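The values are calculated or read from the model by the stated rules, or taken from the named source; none is laboratory data. Note that the structure is predicted; figures quoted are calculated from it, not measured. All Cβ positions, even for glycine, are placed from backbone atoms using ideal geometry, and neighbour counts span all protein chains on display. What goes into the accessible areas is simple: the full protein's heavy atoms, side chains included, and nothing from ligands, DNA or RNA. Shrake-Rupley method; radii C 1.70, N 1.55, O 1.52, S 1.80 Å.
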Amino acid sequence: MNPANTVLNSTSCLTMMNFCSCRSLAAMLLTQLCLLGCATSIDTRVVNVPKSTLTSSTPPPTVLGEKVIGLSLSGGGMRAAAFSFGVLQALAGNSQGQSDVIDDLGFISSVSGGSLLAAYYGLNGRQTLGSFRSNVLLKDMERGMRLSPFSIVALQRLFEGGLNDRSNLANWLHSDLFNGATFAQLKRRPRPVVWINATDVYNRTPFVFTEQVFDALCSDLASFSVAEAVHASMAVPLVFTPVVLETFAQGCSTPSPAWVDRFSNGDNGSIPRVTHAVALAVRNYRNPLVQRYVKLVDGGVTDNYGLSSIAIARAAAGTPFAPMRAEDVINLKHMLFIVVDSGRSPSGDWALKTAGPSGLDLAVAATDSAIDSATRISFDAFKDMLAAWEADVRRYRCNLKPEELAALRDPKNMSTSWKCDDVRFEVTLISFSDLGTDRAALLNQIPTRLTLPVSDIDAAISAGRDAAIANPALRRYRMTHKNTSRDIDP
């Protein structure tokens, strides 16, 4: 979700007033607030628990076959969830001869609005295709939310962290959408692996809900609520208060990850800056004198594609194939990674005249500029990383001894031919701009909201489906690989 656009939409009444009157109103409310000394009851409870001595980290199951699709679902509120759902529909094929490749979906990384679909599909599999529109996209998620800042209580809540806390969206997600599901339930399906991304606003770093990260917190991921993770991923600053996790370093028996010391002790330029920053953040998690609580906000603040967490996982693991396992990359022939961008292009008429932008428009544009710039850099870095990853995997496969290869290969495929260099990683981007200028302009008018008209929802779904069907990389993928039966229900 684009935080700036959401704040603008949720306070759209500001655009009907000039900047001076808004400032005067804010000063008046602040004066009244100080005089009244009112207090609110914002819910800032810790939502995680310590890691039990009965739980332990376990490697992920082998989930990949010879061909695999990875998805990155961007933010953008319900617009992003609907556009991404259209892409998912396209993967399932259609009556026009498009083959069904949705069973190849092995990994999803998501941010904000995209996390609604990622978590829902991770829990429900193919049933998502028939239920997501009615159960999620058409729901009024803004019902009961505070969206106007023009009251003393609202202003007080803004000073305390945000208009809405977990008693609004998080509780609805927990009870009405995910039915109390935990990460233990999310991991029951062998694929896809789902990574939900938020932002650690204190350390200014990406935060991904994985067992490795929760081990760093000395916390238990298995019992953690899926709804809380999605809520954190969607927690636009000011609209929502941060989601609060506790670090349980004292008395923790889980050793600090070895890569933390390697990447946090100095920076000689050879370490990616984002990896260095995350290593410093994890070091803070283990120091109660520095950080006892992790405050999480919208994942789009640091990376609106959710790609940084993959690069960090690769660097942290220190293997040629991570975050996949050796068994995965031995059998793999082709991975297509699809980045779904549901972000909007620049808007407003102030670029057509000498006056403007207003103070509010300027603040929104500056925030959007920072987010979009970081997202573009993230995508370019990911392309380079994917090429290096492919080369590392090819080298690893070709240097294996015969007995090592025999131990790793899938017995079902032992009779088929295998070449060590027969592996290809590919990345493609699907966005509004793929659909032509006129249609993209209409999609850009869909606001970043949690509740949208049915017409906007269906327009975004149709757009995602059409853009994916026409995508050259996905068309090549379908033509090259005929759909095969699966032993595992995704």
| message | Conditions first: (1) aliphatic (A, V, I, L, M); (2) farther than 19 Å from ARG325 by Cα; (3) open to solvent by 50 Å² or more (accessible area, probe 1.4 Å). VAL364 passes all but one, so which condition is the exception? | response | (3)
| field | Subset of region 401-411 (residues that are part of a loop (DSSP other than H, G, I, E, B) and over 35 Å from the mean Cα position of the chain (by Cα)) | value | LYS401
| remark: The number of residues in region 176-200 that are more than 14 Å from the chain's Cα centre (by Cα) and open to solvent by 30 Å² or more (accessible area, probe 1.4 Å) is 9
| message | Quick test of your reading of the structure: PRO346 fulfils all but one of (1) at pLDDT 80 or above; (2) under 26 Å from ASN471 (Cβ atoms); (3) more than 20 Å from the chain's Cα centre (by Cα). Name the failing condition by number. | response | (1)
| said: Restricting to region 426-453, name every residue that is of a type outside the set (A, V, I, L, M) and outside any loop (DSSP other than H, G, I, E, B). | reply: GLU426, THR428, PHE432, SER433, ASP434, THR437, ASP438, ARG439, ASN444
| said: Checking VAL340 against (1) over 16 Å from ILE69 (Cα atoms); (2) at pLDDT 90 or above: exactly one of these is not met. Which one? | reply: (1)
| task | Please enumerate the residues belonging to region 380-402 that are charged (D, E, K, R), farther than 19 Å from HIS334 by Cβ and surrounded by 15 or more Cβ atoms within 10 Å (Cβ to Cβ). | result | none
| field | Lone qualifier among ALA198, ALA227 - being under 24 Å from SER74 (Cβ atoms) and out of contact with any strand residue (DSSP E or B) (no Cβ under 8 Å at 6 or more places or on another chain) | value | ALA227
| note | Considering region 329-372, residues that are outside any helix (DSSP H, G or I) and without any contact (Cβ under 8 Å) to a residue 60 or more places away in the chain, and then whichever is nearest to PHE85 (Cα to Cα), we arrive at PRO346
| request: Report, by residue number, each residue of region 285-309 that is buried (at least 22 other Cβ atoms within 10 Å of the Cβ) and not in a loop (DSSP other than H, G, I, E, B). | output: TYR285, VAL294, LEU296, VAL297, ASP298, GLY299, GLY300, VAL301, SER308, SER309
| message | Of the conditions (1) crowded, with 19+ Cβ neighbours inside 10 Å; (2) more than 24 Å from SER109 (Cα to Cα), ASN265 satisfies every one except a single condition; which number is it? | response | (1)
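Considering only residues that are in contact (Cβ under 8 Å) with a residue 60 or more places away in the chain, part of a loop (DSSP other than H, G, I, E, B) and not hydrophobic (A, V, I, L, M, F, W, C), which ones fall in region 188-209?
Selection gives ARG189, PRO190, ARG191, PRO192, TYR202, ASN203, ARG204.
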| request: Would you check which residues across region 114-128 are at pLDDT 95 or above and either among the β-branched types (Val, Ile, Thr) or over 19 Å from GLY180 (Cα atoms) (or both) and list them? | output: GLY114, THR128
| query | Which one of the conditions (1) open to solvent by less than 20 Å² (accessible area, probe 1.4 Å); (2) at pLDDT 95 or above; (3) within 25 Å of ALA473 (Cα to Cα) does GLY75 fail to meet, given that it meets all the rest? | reply | (2)
| message | I'm told GLY436 meets every condition in (1) closer than 24 Å to ARG376 by Cα; (2) free of Cβ contacts under 8 Å to residues at least 12 places away in the same chain; (3) open to solvent by 80 Å² or more (accessible area, probe 1.4 Å) except one. Can you identify the failing condition by its number? | response | (3)
